[in-house]
1. Only one residue in L355, L328, L275 is part of a helix (DSSP H, G or I), at negative phi, in contact (Cβ under 8 Å) with a residue 40 or more places away in the chain and surrounded by 19 or more Cβ atoms within 10 Å (Cβ to Cβ). Which one?
2. What number of residues within the range 123-156 are open to solvent by 20 Å² or more (accessible area, probe 1.4 Å) and of a type in the set (G, A, S)?
3. Can you report the number of residues in the range 384-407 which are out of contact with any Ser or Thr (no Cβ under 7 Å at 6 or more places or on another chain) and open to solvent by 40 Å² or more (accessible area, probe 1.4 Å)?
4. Select from the range 302-320 the residues that are under 17 Å from I257 (Cβ atoms) and open to solvent by 60 Å² or more (accessible area, probe 1.4 Å) and list them in ascending order.
5. Considering each of V60, V115 in turn, give the residue that is within 20 Å of H272 (Cβ to Cβ) and β-branched (V, I, T).
6. Does A88 satisfy the condition of being in a helix (DSSP H, G or I), closer than 22 Å to S293 by Cα, under 18 Å from the mean Cα position of the chain (by Cα) and modelled with pLDDT under 90?
7. Spot the failing condition for H272; the list is (1) within 23 Å of the chain's Cα centre (by Cα); (2) modelled with pLDDT of 80 or more, and only one is missed.
8. In this structure, does V103 turn out to be open to solvent by 10 Å² or more (accessible area, probe 1.4 Å) and part of a helix (DSSP H, G or I)?
Amino acid sequence: MSERPPPRAEAAGHAPRPSGLGAATARRQPQGGPASGPEKAAAGFVLLMAALGAMNAFAVDIVIPALGAIAAGFGIEGGSDPQWAILAMFLGMACSQLCLGPVSDRWGRRPAIFVGMAVALAGGLLASLAPSFGWLVAARFLQGFGTGGLRVVSYAIMRDRFSGDEMARVVSLTNTAFVLMVFTAPIFGQLMVEFAHWRWVFAVTALQALATTVWFHIAQPETLTEAARRPISPAAVARTFLEILRIRAMLASVIAIAAVFGAFATFLSSAHAVLGGIYGLDWGLPLAFGCISACFGVVSFANSRLVTRLGAERLTRGALTLWAVSGLGGAAVFATVFDGVPPLVLFMLWLGPTLALFGILFGNLLSMGLTPMGDRAGSASSVLSASGTLCGVALGAVMAELWDGTVLPLAGIIGAAGLAGLAAMRWGRVG
């Protein structure tokens, strides 16, 4: 079944049916000229959306330096079990992303955000008090269930106001601010391990949820009007998801995002084993994350400036090509020259710029997938985000099984993700 091309205003980067703040902005804006109000509020809006998106990333990254202490605290010796403190959160995120997007389409963005925040707060507190590793994994699932939905709804809020290349620009700006927030997470984690107790790692995430809730309540009005809200029922949600997946470009975006986010999540779940296990980094672990975050921030900011000139599709194809070449080429060089364990400096020079391309890939693929969705942005964002997160859990489990004390499984997964993304875009004619 062929899809109708988006309306001309859509391609220009503006949502066809502005709602909430978008509708208010349209009413205030003189015909043919820019509005001053939104420009003044843009920085605050970008920072708030970045804070919502950073909830799950912060809660993942802060735990990575503490995995060794957590394993020791629960008497876990060897194996990949400690990684489930991260993978369980990704699994919770995926379940939440499938639920909270439709909820936000039915009752509005603000109620959905408050529900997610409450669940995230409860999960963080329970994780800090967990009497066993099994309880910790369950609490992390709950925490992921709360924070994963926040990410989806923040994208829906952005889609309420922007679309197309303009949305890709806004997402890139939020990613730039997001990096500055996430950069501090491993530092906090290491500080907790060195000077307090690993349980404080989870307490900090609960405090973050509380502070962000207050900020959102004060700063962000509802962006989805009553007229644009959709009824919700299990059958209706299933039909909506099926309708979305019948759109070829949307399905291709789902496949590409699943591959891209899955590879990125694989790095996060294996970072302690790779950087701490192979290279023995202690306080160097936050520094390594800082280098990767700096590269990510530079690429995200560059994407925000280039995407409206070159287009999201062109930049995304280029980034996927570089991922495929870098991942597979890196694996080949590391295997033949260094027996799978290159020197740390060389590995970081490869890893930082390669992972930084995620700053182009995820936001652009998401915006291209959401462009034709209109008032179904919440449900569509759920499908896109949940597919990536579920793939992250699957690839993280695969990485745990393939773990051989070298960096080769990680490099190979990144290269394969680039190839899968390119194939999906070509098949779906995304862009």
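1. L355
2. Residues that pass the stated criteria total 3.
3. Looking only at that region, the number is 6.
4. Within the range 302-320, E313, R317 meet the criteria.
5. V60
6. no
7. The number of the failed condition is (2).
8. So V103 fits the description; yes.
The values are calculated or read from the model by the stated rules, or taken from the named source; none is laboratory data. A quick note: this is a predicted structure, and the numbers were derived from the prediction, not measured. Every residue, glycine as well, gets a Cβ built from its backbone with ideal geometry; the counts of neighbours run over all protein chains shown. These accessible areas exclude ligands, DNA and RNA; they are computed on the full protein's heavy atoms, side chains included. Shrake-Rupley method; radii C 1.70, N 1.55, O 1.52, S 1.80 Å.
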